[in-house]
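Since every read-out is calculated from the coordinates, none of them should be taken as a lab result. Worth saying up front: this structure is predicted, and the values here are computed from it rather than measured. With ideal geometry, Cβ positions are generated from the backbone for all residues, glycine too; neighbour counts draw on all protein chains shown.
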Amino acid sequence: MGDMHFTEEETSLVEEMAKDRHGIASRLGFYASVLVPVFIFGVYGTVQRDFLATVLALVGLAIFVVWRIAQESKYVGPYKSIFQKVLQHQRDLAKAHEAHASSGNRGAPGSIGSTDR
């Protein structure tokens, strides 16, 4: 019951997310570096009534959004699989705990309810 049988891809994804080498400042810096110039270009186009500048800003924004969706969609399958396995594992633990509690073995050394681990 302790092993959730993750595939290599799932294990790699979990390890990568657990490392989280990128803090909030790094993430904000990345998005700002892409979105701020597009925003400034869009504001410029609107203020100057430059239709082409406004359209280019919107196209840049659309390209960025499509790129992010494509990047994130690569991981939908593995994430879904991981979460299903974690959920099933949690359900299995709850069933085992209920079965153990109903058998009257509360607090026995090495039991699920034991706190001396």
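Some values worked out for this structure:
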item	result
Partners for residue 19 among lysines (Cα-Cα distance below 21 Å; same-chain residues under 8 apart left out)	74, 80, 85
Value of Rg/Rh across the stretch 8-102 [Cα atoms, Kirkwood radius]	1.28
By average C-beta atoms within 10 angstrom, highest first, the peptides 57-64, 18-25	57-64, 18-25
0 to 90° range, to nearest 10: angle between helix 8-19 axis and the chain longest Cα axis	70
